[in-house]
Amino acid sequence: MKGFVDLEFDLPAALLAELVKVLGGMEGAPLSFEAINDLPDAQGVYVLNHNEKVVYVGKTDAAAGLRRRLLRHARRVLHRKGLTGADVSFRAVRIYVFTAMDLETELIKHYASPEWNNSGFGSNDPGRRRDLTYQKEEGFDSTYPVDIDLPLSVNIPQTTTAQEFLLALREAVPYTVRWERPQPDLNSSISWQAQTRTMRETMVELLRQLPAGWQATVLAGRIILYKEIVDYAFGMTIARST
């Protein structure tokens, strides 16, 4: 037809190609709090590399921007057996205009399903009902379980309640610490001497001061504390109160 022509422009494909090009030309930064704090808390996409291999792809939005999301990931790789945070780097791109395409899914396809995606790495605490379920061998928590033998310091008064102590402990470690609530036993006073202990030693000392029947258990990615005596098939008992 004279004066007319069709133009079919594949905008999603063009954006993906440009994004892959930009990411490929970037130098990664260490996944450290210092490096991440300089980022804007904006919407965009990012990739994580472990030993120079892409292991995770993520996308953020205005509600949880790049800085907040990457800070959470930087905390998550700490205190893990077989994983050194210094070996993990990130590349992040702020994108001013998002199309309706799912950039995260397309990047995951491009990088051939990075091993930390769909492995529990970016997930929150799965909750009490998942404590008895099998952890996939290839999952992040199974590959890099929490290390309860690293020293940690918890700054609390010498006399406090078990509940207040657990709240402080949860802030002091980079993995999930979950306990039974509400529970009157945790309102009891405990004594705490300010010193550096491991999580294992901390749980042993805390259980020594709790009423009988409590158990601390380490699962692949979390510590749980409940009034129970249970042998977890996929966990290890740290201590029990008597």
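The values are calculated or read from the model by the stated rules, or taken from the named source; none is laboratory data. These numbers come from a predicted model, not from an experiment. Here the Cβ is made from the backbone with ideal geometry for all residues, glycine too, and neighbour counts use every protein chain on show. The area values use the complete protein model at the heavy-atom level, side chains included, leaving out ligands, DNA and RNA. Shrake-Rupley method; radii C 1.70, N 1.55, O 1.52, S 1.80 Å.
So which residues in the range 108-130 are among the aromatic types (Phe, Trp, Tyr) and more than 15 Å from the chain's Cα centre (by Cα), if there are any at all?
Tyr111
Please find, among Ala74, Ala86, the residue that is among the hydrophobic types (A, V, I, L, M, F, W, C), under 22 Å from Val173 (Cβ atoms) and open to solvent by 50 Å² or more (accessible area, probe 1.4 Å).
Every option except Ala86 fails the conditions.
Between residues in the range 34-45 that are part of a loop (DSSP other than H, G, I, E, B) and residues that are open to solvent by 30 Å² or more (accessible area, probe 1.4 Å), which pairs lie under 6 Å by C-beta distance while being six or more apart or on different chains?
Matching pairs, first to second residue: Leu39/Arg67; Asp41/Arg67; Asp41/Arg68; Ala42/Arg94; Gln43/Asp61; Gln43/Ala62.
Please name all residue pairs, on different chains or six or more residues apart, with Cβ atoms under 9 Å, provided the first residue is in the range 222-242 and is more than 24 Å from Pro182 (Cβ to Cβ) and the second residue is open to solvent by 80 Å² or more (accessible area, probe 1.4 Å).
Pairs found: Ala233/Leu132; Ala233/Tyr134; Phe234/Leu132; Phe234/Tyr134.
So Ala63 fits all but one of (1) open to solvent by less than 40 Å² (accessible area, probe 1.4 Å); (2) in a loop (DSSP other than H, G, I, E, B); (3) of a type in the set (A, V, I, L, M, F, W, C); what number is the exception?
(1)
State all residues of the range 1-26 that are closer than 30 Å to Thr84 by Cα and free of Cβ contacts under 8 Å to residues at least 24 places away in the same chain; if no residue qualifies, say none.
Lys21, Gly24, Gly25
Could you please find all residues in the range 130-149 being open to solvent by 40 Å² or more (accessible area, probe 1.4 Å) and either acidic (Asp, Glu) or modelled with pLDDT of 95 or more (or both)?
Matches in the range 130-149: Glu137, Glu138, Asp149.
Restricting to strands (runs of 3 or more DSSP E) lying wholly in the range 140-242: which have 3 or more residues that are within 28 Å of Gly82 (Cα to Cα)?
Ranges flagged: 176-179, 214-219, 222-227, 236-240.
For His73, only one of the following conditions fails: (1) touching a helix residue (DSSP H, G or I) at 6+ places or on another chain (Cβ under 7 Å); (2) part of a helix (DSSP H, G or I); (3) within 20 Å of Glu138 (Cβ to Cβ). What is its number?
Evaluating His73 over (1) touching a helix residue (DSSP H, G or I) at 6+ places or on another chain (Cβ under 7 Å); (2) part of a helix (DSSP H, G or I); (3) within 20 Å of Glu138 (Cβ to Cβ) leaves (1) as the failure.
Considering only the range 147-191, state which residues are charged (D, E, K, R), in contact (Cβ under 8 Å) with a residue 24 or more places away in the chain and over 13 Å from Leu206 (Cβ atoms).
The answer is Asp147, Asp149, Arg178, Glu180.
When you look at Val55, is it open to solvent by less than 60 Å² (accessible area, probe 1.4 Å) and in contact with a helix residue (DSSP H, G or I) (Cβ under 7 Å, 6 or more places away or on another chain), yes or no?
no
Among the residues of the range 19-28, is there at least one that is within 23 Å of Tyr144 (Cβ to Cβ) and open to solvent by 20 Å² or more (accessible area, probe 1.4 Å)?
Scanning the range 19-28 turns up at least one residue that is within 23 Å of Tyr144 (Cβ to Cβ) and open to solvent by 20 Å² or more (accessible area, probe 1.4 Å).
Among the residues of the range 150-162, write down those that are more than 10 Å from Ile190 (Cβ to Cβ), in contact with a Phe, Trp or Tyr (Cβ under 9 Å, 6 or more places away or on another chain) and buried (at least 16 other Cβ atoms within 10 Å of the Cβ).
Hit for the range 150-162 is Val154, nothing else.
In the range 76-90, how many are touching a Phe, Trp or Tyr at 6+ places or on another chain (Cβ under 6 Å), assigned to a strand (DSSP E or B) and under 22 Å from Glu27 (Cα atoms)?
Matching residues across the range 76-90 total 1.
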